[in-house]
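Accompanying notes for the structure given below.
The values are calculated or read from the model by the stated rules, or taken from the named source; none is laboratory data. Since the structure is predicted, the reported quantities are computational estimates derived from the model, not experimental observations. Every residue, glycine as well, gets a Cβ built from its backbone with ideal geometry; the counts of neighbours run over all protein chains shown. Only protein heavy atoms, including side chains, enter the accessible area calculation; ligands, DNA and RNA are left aside. Shrake-Rupley method; radii C 1.70, N 1.55, O 1.52, S 1.80 Å.
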Amino acid sequence: MPLAQRMSLLGTETAFEVFNKAKALEAQGKDVVHLHIGAPDFQTPPNIVEAGQRALRDGWHKYTPAKGLIELREAVCEDLLARRGAEVDPEHVLIVPGGKPTMLYAILMFGEPGAEILYPNPGFPIYESLIKWSGATPVPIELLEETNFNFSAEAVLAKITPATRLMILNSPANPTGGVVSRVEMDRLAEGLEQHPQVTILSDEIYSRLLYDGEEHVSMLSYPALRDRVILLDGWSKTYAMTGWRLGYGVWPADLIKHAERIQINSVSCANAATQIAAIEALRGPQDAVEEMRTAFDERRKIIHAELNDIPGFSCVMPKGAFYAFPNTSGTGISSMQLEKQFLYEAGIACLSGTSFGALGEGYLRFSYANSIENIREGLRRVRASLQPA
Ligand SMILES: Cc1ncc(COP(=O)(O)O)c(C=O)c1O
């Protein structure tokens with residue numbers, strides 16, 4: 001079957017593959033501890049579930065406007081004002097099925113042969129995959145352990161060329177747990193004023209999962225850049241709603257019509273009842289969000305201490321999201337080999353750092369979106385698997 005050539009350029013998110021492998025092992029009766037999953041292990045808060053059920057009972061069974069329900073877009077804008085101090089017109093908000101579509105739409109909008117797109121490496125694998133698929137050249141923004149996976153604005157700005165169309169940022173970050181500091185963000189924003197051809201896609205999906213008093217610095221908070229910042233956020237991580245599939249993009253005035261057009265050409269609109277539940281998520285009580293964050297924080301400290309106790313591992317303290325990204329080069333075993341060894345020999349699923357780009361060699365990603373008991377058991381298995389027989 002002659003497929004379009006670009007199909008060979010598309011990568012994947014290996015978390016889904018490891019998930020299938022772990023499920024296959026479990027189907028054979030093997031016990032697997034899941035520390036590879038990028039989803040909160042909590043259930044969606046009951047008030048949100050109730051709002052979704054009510055919406056279905058009340059007849060929310062039809063298409064909504066392509067951009068999403070106006071009441072939801074207004075609720076998004078209230079939230080943006082309250083948390084990011086950014087005034088946004090609901091007409092610039094596009095409600096989409098999950099965090100990923102905003103990424104897809106932005107990369108398709110700017111990516112083509114000859115264009116360069118900057119993206120974090122190690123970083124969420126879909127960035128590089130979609131950039132390549134679009135025909136553009138992926139240009140990595142290197143995130144280094146030495147700087148706690150923060151970046152230097154100067155180094156990032158030095159990567160911009162006349163061919164740069166889009167710069168993708170992600171803070172707090174997957175897979176490193178790194179958070180870009182206000183100082184570097186300010187410097188970057190200032191430097192970007194010299195490069196008006198560069199649009200910024202700021203993936204802020206983990207903005208409410210911060211620890212140790214870290215602050216979230218949103219790209220929307222720089223007035224000089226507002227006409228070229230695309231903000232990506234959603235409900236998946238904050239409200240434990242990964243399976244509901246809902247997210248949003250805030251688009252500059254010149255781009256929103258193009259984003260809406262891609263939406264109409266693809267999914268039409270996001271699920272109607274889910275949109276009603278999402279209004280409740282934003283406008284209802286926020287206690288559950290803080291309870292989940294507090295639980296992640298406790299687990300973060302435990303996983304950090306336990307990882308540093310494993311011979312050959314060293315791990316910087318993650319500052320955001322729910323991932324730890326230990327350096328495993330002291331084991332002398334490649335990341336992919338460790339991923340396989342731990343899954344098939346020890347029954348613990350984690351992800352090779354190379355799933356997040358070439359710069360992830362020598363690292364593994366462990367998710368701490370799991371119980372303390374499971375985290376301890378998973379790492380006990382890791383330690384045992386590394387012990388000489
Ligand atoms: C950095 C980042 N952006 C976006 C997403 C996609 O989120 P969603 O599941 O809502 O599509 C993820 C999911 O893991 C992520 O880690």
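For the reader, a short list of remarks on this structure follows.
- Residues in segment 72-88 that are surrounded by 13 or more Cβ atoms within 10 Å (Cβ to Cβ) and out of contact with any Pro (no Cβ under 8 Å at 6 or more places or on another chain): L72, A75, E78, D79, L80, R83, R84, A86, V88.
- Looking across segment 279-305, the residues that are under 23 Å from L143 (Cβ atoms) and open to solvent by less than 30 Å² (accessible area, probe 1.4 Å) come down to F296, D297, R299, R300, I303.
- Residue match in segment 72-79 (condition: touching a residue at least 40 places away in the same chain (Cβ under 8 Å) and within 12 Å of I168 (Cα to Cα)): no
- Residue count, segment 235-278 (criterion: closer than 16 Å to P46 by Cβ and surrounded by fewer than 19 Cβ atoms within 10 Å (Cβ to Cβ)): 1
- Only one entry in K319, K340 is more than 27 Å from E214 (Cα to Cα), open to solvent by 20 Å² or more (accessible area, probe 1.4 Å) and not hydroxyl-bearing (S, T, Y), namely K340.
- Against the list (1) among the aliphatic types (A, V, I, L, M); (2) crowded, with 19+ Cβ neighbours inside 10 Å; (3) away from the ligand (no atom under 16 Å from the Cβ), the condition V183 fails is (2).
Yes or no, residue by residue, for (1) within 30 Å of A66 (Cα to Cα); (2) out of contact with any helix residue (DSSP H, G or I) (no Cβ under 8 Å at 6 or more places or on another chain):
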residue: Y105; (1), (2): yes, no
residue: L108; (1), (2): yes, no
residue: F124; (1), (2): yes, no
residue: L130; (1), (2): yes, no
residue: W133; (1), (2): yes, no
residue: T137; (1), (2): no, no
residue: S152; (1), (2): no, no
residue: A155; (1), (2): no, yes
residue: I160; (1), (2): no, yes
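- Pairs linking a residue in segment 336-358 that is closer than 22 Å to E142 by Cβ and assigned to a helix (DSSP H, G or I) to a residue that is aromatic (F, W, Y) and open to solvent by less than 10 Å² (accessible area, probe 1.4 Å), with Cβ atoms under 8 Å and 6 or more positions apart or on different chains, are G353/F325.
- Scanning segment 151-176 for residues that are more than 16 Å from the ligand (Cβ to nearest atom) and either over 22 Å from H195 (Cα atoms) or not in a strand (DSSP E or B) (or both) turns up S152, A153, E154, A155, V156, L157, A158, K159, I160, T161, P162, A163.
- Residue count for segment 111-142, restricted to those that are open to solvent by less than 30 Å² (accessible area, probe 1.4 Å) and either in a helix (DSSP H, G or I) or of a type in the set (V, I, T) (or both): 10
- Filtered by the rule that a residue be in a helix (DSSP H, G or I) and open to solvent by 10 Å² or more (accessible area, probe 1.4 Å), segment 89-109 gives P90, E91, H92, K100, P101, L104, L108, M109.
- Enumeration of residues in segment 195-231 that are within 16 Å of the ligand (Cβ to nearest atom) and either among the acidic types (D, E) or over 18 Å from V156 (Cβ atoms) (or both): D203, E204, I205, Y206, S207, R208, L209, L210, H216, L231
- Extreme residue, nearest to the ligand (Cβ to nearest atom), among residues of segment 140-150 that are touching a residue at least 24 places away in the same chain (Cβ under 8 Å) and out of contact with any helix residue (DSSP H, G or I) (no Cβ under 9 Å at 6 or more places or on another chain): F149
- Qualifying residue in segment 282-297 (condition: under 17 Å from V96 (Cα atoms) and modelled with pLDDT of 95 or more): yes
- Note on segment 1-38: among residues that are under 23 Å from S134 (Cα atoms) and in contact (Cβ under 8 Å) with a residue 40 or more places away in the chain, the one that is farthest from the ligand (Cβ to nearest atom) is R6.
- The set of residues in segment 195-234 that are over 17 Å from G249 (Cβ atoms), more than 21 Å from the chain's Cα centre (by Cα) and open to solvent by less than 50 Å² (accessible area, probe 1.4 Å) comprises H195, V198, Y222.
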